[in-house]
Amino acid sequence: MEMEQFYYDNKIVKKFIYATILFGVVGMLVGLTLAVMYLFPNITDGVSWLSYGRLRPLHTNAVIFAFVGNAFFAGMYYSLQRLLKARMFSDFLSNLHFWGWQLIIVAAAITLPLGYTSSKEYAELEWPIDIAIALIWVVMGINMIGTMLRRRERHLYVAIWFYLATFVTVAVLHIFNNIEIPVSALKSYSVYAGVQDALVQWWYGHNAVAFFLTTPFLGLMYYFVPKVANRPVYSYRLSIIHFWSLIFIYIWAGPHHLLYSALPNWAQNLGVAFSVMLIAPSWGGMINGLLTLRGAWDKVREEPVLKFFVVAITGYGMATFEGPMLSFKNVNAIAHYTDWIIAHVHVGALAWNGFMSFGIIYWLIPRMTKSDLFSKKLANFHFWIGTLGIILYTVPMYVAGFLQASMWKQFNPDGTLTYGNFLETVTQIMPMYWMRAIGGTLYLIGMLILVYNIIMTVRAGQPVEDELAQAPALQVIISNRVRGEKFHSWLERKPIQLTILATIAILIGGIIQIVPTIMVKSNIPTISSVKPYSPLELEGRDLYIREGCVGCHSQSVRPFRSEVERYGPQAKAGEFVYDHPFLWGSKRTGPDLLRVGGKYNDNWHFNHFWNPQSTSAGSIMPGYKWLFDNKPMDTSLIEKKMKAMVSLGVPYTDADVANAQKTLRAQALVIEKNLESDPDFVKSYEESKKKAAAKGEKFVPMNEREIVALIAYIQRLGTDIKVKETAKN
């Protein structure tokens, strides 16, 4: 048999591993900073780019796409070459993928703190970066499939199926969710509005978790767990069932993020049904992973890498049991908007993704540097302190979530809310926030131990070089099925057909859920009293998006007695027809804002944004002092924004657009006049004029500053819907 020699590309693996470690530290450090901000909300007082609302999406993007993403790419590039007995299709594409992805991460790290965001969870990056992501993702896919086509191994191993499904599905999700109308170089509006935008976003958001945080790591599990344990996969047949059932069912589950919302009931119920079904394939995968270690438990006790894998797979099992449980409506009614969801998310992120990544790094670096790990004791210490960190992080968040739900829903005998002031809940859960910060600190310490251990290992080892390998040349890959050959065995030889079938499997659920919601108008009934935002309110809404207010406040009142009593009538689908993007939120660190318009006067909001604790004692909301700066609000794009909205179906007239600046100033002057009813405002206003004159600065009237636009937007919320009209509905 003819043997061919070739080299595995280890250098690309090394690059992705180093990026994983770097961005792991950065992402976790930002996360810990956010945890501390709950305890000291004004710790970055007055620094806009270090505010909670702007750093939160930086944390999620850094952990998901920088840390976990680079870890997947490192494991995929290493395993794919060895499973296919071939070097990657193109070194140029490999390096383009690496550097392109890192530049995208850097772009995110710059734009998100500066407030350039679309506000969509896990998809906050603006349109030029979205395009770059799509292009680099396609580069990765071409390189992956090209390698499969020139392989020296006849069959595609199970890990590769998961890699292919990840490539196809993330591409579809990313492109479909990020269809936007650009307004400027770093500003755009989603083409979807309200309910439709919510469905598309959580179709993407849930499946970003499914196909970026789950399926690629299942592929890594199927390669690295048997490799490290030196055991075959427990059941190849189970892996087939696991793969196809998982990718088909997962894509339907997104609507469980929108239960009891304005989303049509049929879509909600579909999400619930398929979410419950997910428990079977998810646990099938967990069982397949854990039982692969049967007979190797002595090795688990000795080998820190396997310890990380065991806890990772267990964390995957816990998270994928809890997800379907949370999709039951009676459970979701308790958990949604609470810190229970924060605990749930971090079980998956810290245990499944984090520990799987740590185990892979600890195993790969010694092999590529031809040395032993510098210290197994340190790796074991990392394992235990990391595990303790996960426990101290998640358990208090579960307690906080139960406490929040209980307090929000309690009534007095006379029918009034027992805890009518939202802040009563916040003060009760502060001890849990302290515990979370401690748990996060321990987890970060574990990460820093890994950094030291890897640096010392690399220093003691040899430079990472390409690895010589040889394998029989695969002369012919038989196209037709051999007599007696099963269909799936044939399919495992056909990467293109496998990719096509995987694409069909994930498209079915998406088409059935999304197309009717977008195309059938009766699903989203209109309400005649709902009007488009005024120019000033539209500017204020964009400021609300820029400052990340949606990260702490929801705008969706659910049909529960407690919520209607606290916030007002439940949300109606027709209220959101002009909302590009939707801003329903996914957590209530602060109260719901859907009906807040007119509840307080303009002076209250003015003082609240300057110093929240002055109006709400015990609030953990930070101040937004930069909104008050002596500089004019940028309204230069308002006409373009309104024209973009017109192209999306918002009924602004030509006169509305032409008179936008005039209308904006008129409404701003009314708010400024309202503020002058407060003697303290007048006094401080006059003092600021004198200070500006003393410094030789041009004084900008209050009606031209950003705070006025944000007040206008907040005061508009919920005012289109009259209580009596809603009650009739």
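The values are calculated or read from the model by the stated rules, or taken from the named source; none is laboratory data. Just so you know, these numbers come straight off a predicted model, no measurement behind them. Ideal geometry is used to build each Cβ from the backbone, glycine not excepted, and the neighbour counts take in all protein chains shown. Keep in mind that these areas ignore ligands, DNA and RNA; they rest on the heavy atoms of the full protein, side chains included. Shrake-Rupley method; radii C 1.70, N 1.55, O 1.52, S 1.80 Å.
Tilt of helix 376-409 relative to the longest C-alpha principal axis of the chain, in degrees (0 to 90, nearest 10)?
40 degrees
For the range 20-152, what mean projected area does the convex hull of the alpha carbons give, in nm²?
8.3 nm²
Which ³J(HN,Hα) values in Hz, rounded to whole numbers, follow from the phi angles of the range 216-233 under the Karplus curve 6.51 cos²θ - 1.76 cosθ + 1.60, where θ = phi - 60° and Gly and Pro get x?
3J(HN,Hα) across the range 216-233, in whole Hz: x, 6, 5, x, 5, 4, 5, 8, 7, 5, x, 5, 5, 7, 6, 10, x, 4.
What Kirkwood hydrodynamic radius, in Å, does the chain give when the mean of 1/r is taken over all pairs of distinct Cα atoms and then inverted?
After inverting the mean inverse Cα-Cα distance, the result is 27.3 Å.
Please report, as a whole percent, how much of the solvent-accessible surface of the range 220-336 comes from carbon and sulfur atoms (probe radius 1.4 Å).
Within the range 220-336, the accessible surface is 68 percent carbon and sulfur.
Which one of 213, 471, 418 is farthest out on the positive end of the charge dipole of the chain, using unit charges on Cβ (Lys, Arg +1; Asp, Glu -1) and the Cα centre as origin?
Of 213, 471, 418, it is 471.
For the full complex of protein chains and a 1.4 angstrom probe, list 641, 14, 722 by accessible area with the highest value first.
Largest accessible area first, the list is 722, 14, 641.
Tell me the label-point distance for the pair residue 184, residue 375, using the 7 Å Cα-to-Cβ offset, in nm and rounded to one decimal.
Between residue 184 and residue 375, the simple spin-label model gives 5.1 nm.
Nothing charged except the Cβ atoms of Lys and Arg (+1) and of Asp and Glu (-1): what's the magnitude of the dipole of the range 1-112 about its Cα centre? Round to the nearest 20 debye.
The calculation lands at about 80 debye.
How much mean residue ellipticity at 222 nm does the chain get from its helices, if each DSSP H run of length 4 or more adds -39500 (n - 2.57) and you divide by all residues, to the nearest 500 deg cm²/dmol?
My calculation for the chain gives -20000 deg cm²/dmol from helical runs alone.
Test of the criteria: in the range 626-729, which GluC sites (Glu not before Pro) are in a DSSP loop and have at most 16 other Cβ atoms within 10 angstrom of their Cβ?
676, 697
Less than 13 Å Cβ to Cβ from residue 227, Lys/Arg counted +1 and Asp/Glu -1: what total charge do the surrounding residues give?
+3
With respect to the cross-link table entries 187/690; 227/486; 640/698; 120/695; 120/409, which display a Cα-Cα separation exceeding 32 Å?
From the list (187/690; 227/486; 640/698; 120/695; 120/409), the Cα-Cα distance tops 32 Å for 187/690; 120/695.
So for the chain, averaging the separation of alpha carbon pairs under 8 Å that are six or more residues apart and normalising by length, what relative contact order in percent results?
Taking the mean separation of contacting Cα pairs over the length of the chain, I get 17 percent.
At a probe size of 1.4 Å, how large is the accessible area of residue 64, to the nearest 10 Å²?
20 Å²
Between residue 329 and residue 427, what is the spin-label point distance in nm, taking each point 7 Å from the Cα along the Cα→C-beta axis?
3.7 nm
What whole number of Å gives the distance from the Cα centroid of the range 214-256 to the Cα centroid of the range 372-397?
25 Å
Once each part is reduced to its C-alpha centroid, what is the distance from the range 115-137 to the range 300-334 in angstrom?
The range 115-137 and the range 300-334 have Cα centres spaced 29 Å from each other.
Rolling a 1.4 Å sphere over the protein heavy atoms, what is the accessible area per residue of the range 404-444, to the nearest Å²?
The answer is 45 Å² per residue.
Evaluate the charge dipole of the range 309-454 about its Cα centre and quote only its size in Debye, nearest 20, assuming +1 on the Cβ of each Lys and Arg and -1 on the Cβ of each Asp and Glu.
About 540 debye.
Nearest 10 degrees is fine. How inclined is helix 279-291 to the longest principal axis of the chain, computing both from alpha carbons?
40 degrees
Mean separation of Cα pairs under 8 Å and 6+ residues apart, divided by the residue count of the range 495-591: what relative contact order is that in percent?
So the answer I get is 30 percent.
Collect residues whose amide H, placed 1.01 Å from N in the peptide plane, falls under 5 Å from the amide H of residue 411; neighbours closer than 5 in sequence don't count.
418
Any idea what the dipole of the chain comes to, in debye rounded to 20, about its Cα centre with Lys/Arg Cβ at +1 and Asp/Glu Cβ at -1?
The dipole magnitude comes to about 1500 debye.
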